[in-house]
Amino acid sequence: MNLLIHTPFFHPQVGGVENFTHGLASELARRGVCLRVVAETPLAGQSEPERSYQVIRPPYDRNAILDGVDALLAIGPSTKLLGTARRMGVPYVLKHAAPAGACPIGIGWRNGASCDYSALKCLGCRVSGQSIAANIRSIARFHRLRRGMKHAAQNIYNSTYMAGRTPWCPGVVIPNFNDTGVFDANHETAPEPVFLFVGRLVSIKGVDIAIRGFAAARRRGLTHRFRVVGDGPYRSSLEQLAADEGVADAVEFLGVRRGTELARLYQSAAALLFPSQWEEPFGIVMAEAMGCGCPVIASGHGSCPEVVGETGLLVNPPGDPAAWSNAMLQLATDQSHRNNLGKLAFDRAARLFSLKAVCDQYLELLKSATDRRAH
């Protein structure tokens, strides 16, 4: 198989899409798939690291890079190569990392709020903090993507929740994976009385709700601490909120942590808090924590219930600090329950979210697309 993977986000940027693309490409190459990755992200003066696959960056000729390709995997999904692929008869598979095919701005829904997608509402949408000009570009991309979805050999959704948001375009559900070589359960690490948040410090992630819930739990006798891992434009306001709530001495802002350092934080945490206020399409940090044997307390909407399953606690309504306070106290005061959830979380992550399990499904699907083309 001669495979081309196209992604709008890649190294040197760091995030879920970047890690997913590199992990999948590395595993497919290890299994003997001939592939190249077309990345729209500029190197910004950095050198290209050595990899087991070739990386192509702009400028490039679209016809030339698609010549002789058996299948195109568009991650994101990006729409840039879809028209050329259709003209050249190259089958393509779209991997949806966000609800871009259901929401013109690509951010989705917040706490169950419906959206009528009127032109004025989309132009003025501020959920993702975009400018009007950026919203115009997103809306144009939305229409290109909807057309591309109809002609795809297959659409891949991160979760059943995501697939349900685009009922007009059926597809298959393949979850994201975590790096089980890094995020595993080190049972020599004893959990500390600490709750953990990992993610971008932006409004939709709900860290402010978690801090308010944590402060309420401390007033009710909780002795745990709260570690916040990540960075973003809301960091200073969150630090001020912790001070205003009287818990500045119990909330640690650690900045960005990655790899084994992040894995140790998962392994030593009593639970991961995932208070997202938008309806997450997957939430890879939940799978990472579960792979480390760390139970998750998550918002009870979006894909969270199907990722966590019966291995953690779900909070409803997600925007209620009192509900988060109750969940933290429940897990903090029942160590036996916490230990049992941690074991269940590890087993679920190993079964559903390992790189091997996910790559098996991608390889089968891509082979099916190329077989149909040959036929």
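The values are calculated or read from the model by the stated rules, or taken from the named source; none is laboratory data. No experiment lies behind these values; they were computed from the predicted model shown. Glycine gets a Cβ as well: all are built from the backbone with ideal geometry, and neighbour counts include every protein chain shown.
Candidates are the residues of region 170-218 that are among the acidic types (Asp, Glu) and in contact (Cβ under 8 Å) with a residue 60 or more places away in the chain; the one that is surrounded by the fewest Cβ atoms within 10 Å (Cβ to Cβ) is 192.
When you go through 212, 200, 220, 235 one by one, which is the residue that is within 19 Å of residue 335 (Cβ to Cβ) and outside the structural domain of residue 16 (by TED's automatic domain parsing)? Sole residue among the options that is within 19 Å of residue 335 (Cβ to Cβ) and outside the structural domain of residue 16 (by TED's automatic domain parsing): 220. Just one of the listed residues (322, 298, 289) is of a type in the set (Gly, Ala, Ser) and more than 18 Å from residue 159 (Cβ to Cβ), namely 322. Candidates in region 194-220 are the residues that are modelled with pLDDT under 95 and in a loop (DSSP other than H, G, I, E, B); of these, the one that is farthest from residue 237 (Cα to Cα) is 199. Of the residues in region 252-269, at least one is in contact with an Asp or Glu (Cβ under 8 Å, 6 or more places away or on another chain) and more than 29 Å from residue 350 (Cα to Cα). Checking each residue in region 151-169 for being in a loop (DSSP other than H, G, I, E, B) and touching a residue at least 24 places away in the same chain (Cβ under 8 Å) picks out 152, 153, 158, 159, 165, 166, 169. The number of residues in region 58-106 being in contact (Cβ under 8 Å) with a residue 40 or more places away in the chain, touching a Leu at 6+ places or on another chain (Cβ under 8 Å) and basic (Lys, Arg) comes to 1. May I ask you to list the residues in region 327-344 that are part of a helix (DSSP H, G or I) and either under 18 Å from the mean Cα position of the chain (by Cα) or free of Cβ contacts under 8 Å to residues at least 24 places away in the same chain (or both)? Result: 330, 335, 336, 337, 339, 340.
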